[in-house]
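Taking it in order: structure first as structure tokens, then the write-up.
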Amino acid sequence: MTTLSSRASANRRRIMDIALAELVRNPDASMDHIARAAGVVRRTVYGHFPNREALITALTDAAVEDVSRAFAAGMADAAAGSPPAPPADRALARATLSVWESADRYRLLVALAQRSVTDAGIRARLEPVRLKAAGLIQRGLDDGAFSSPLTSRALAHVYEHTLFGLMQAVNEGALPAETAGVAAATTVLATAGVAPARAAEAVTEAVREATAGAAGTASSRL
């Protein structure tokens, strides 16, 4: 029973991965097209997802889970080996870079999700990330790293919509994808009232941490 369950879970995950790739290439890709791309009969896809909307909802849920893990991992990476807690601006920059790396994989899914899941549904799913962001932003407001007439919860909404806006900018060719992560982190700090020079410094520090973390992960695999 466990083997069958594991196999079904693996098949579902594989179909979702292929579906995401196909929908990124062609947002109008049908369930039949996705089944052919996955090398399975249509019945197999429908066995996991009763319709296209259910498939997109499942992809959206997976994306939100990845983004939530990325935000938490980014905060943890920023704090690693740096007691006491690192400056809030650097921590937010690091978390943003981590989120962007994850979200970039799904940015072309957003328009589809807005139709199937709705904006309200997406916001509801992102609430745990928004609360984590609000907590970090509140720390920055308390210690003076951030300066804004907005509350931490309001700034968390600004944070979320800023990232969505920049993803759309990349989709429309208004922002180069290769520089979008750094641009996102810098813009987020600016919206929180961080001075330009300090924002640039914090993002540079966060990029250095991210690079070192990636190098450490690669070394551990050798």
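A few comments on the model shown:
- Test: residue in the range 147-155 that is surrounded by 14 or more Cβ atoms within 10 Å (Cβ to Cβ) and either closer than 19 Å to VAL207 by Cα or aromatic (Phe, Trp, Tyr) (or both): no
- Filter result (farther than 17 Å from ARG94 by Cβ and either of a type in the set (Asp, Glu) or in a helix (DSSP H, G or I) (or both)) within the range 180-198: PRO196, ALA197
- Test set (1) at pLDDT below 90; (2) in a helix (DSSP H, G or I); (3) crowded, with 18+ Cβ neighbours inside 10 Å - ALA73 fails condition number: (3)
- Filtered residues of the range 1-39 (kept if closer than 16 Å to ALA58 by Cβ and not in a helix (DSSP H, G or I)): ALA29
Per-residue answers, yes or no, for (1) under 17 Å from the mean Cα position of the chain (by Cα); (2) modelled with pLDDT under 95; (3) closer than 25 Å to ILE122 by Cα; (4) not assigned by TED's automatic domain parsing to the domain that holds PRO87:
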site: ALA134; (1), (2), (3), (4): yes, no, yes, no
site: LEU150; (1), (2), (3), (4): no, no, yes, no
site: HIS157; (1), (2), (3), (4): yes, no, yes, no
site: THR191; (1), (2), (3), (4): no, no, yes, no
site: PRO196; (1), (2), (3), (4): no, no, no, no
site: GLU201; (1), (2), (3), (4): no, no, no, no
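- Scan of the range 31-64 for residues that are in contact (Cβ under 8 Å) with a residue 40 or more places away in the chain and surrounded by fewer than 16 Cβ atoms within 10 Å (Cβ to Cβ), ordered by number: GLU53, ASP61
- Taking the criterion of being farther than 21 Å from LEU112 by Cβ and within 28 Å of the chain's Cα centre (by Cα), the residues of the range 1-46 that qualify are SER6, ARG7, ALA8, SER9, ALA10, ASN11.
- Residue pairs whose Cβ atoms lie under 6 Å apart, sitting 6 or more positions apart in sequence or on different chains, and linking a residue in the range 105-119 that is without any contact (Cβ under 8 Å) to a residue 24 or more places away in the chain to a partner that is surrounded by fewer than 19 Cβ atoms within 10 Å (Cβ to Cβ) and part of a helix (DSSP H, G or I), do not occur here.
The values are calculated or read from the model by the stated rules, or taken from the named source; none is laboratory data. If you're wondering where the values come from, they're calculated on a predicted model, not measured in any experiment. Here Cβ is always computed from backbone atoms with ideal geometry, including for glycine, and neighbour counts include all displayed protein chains.
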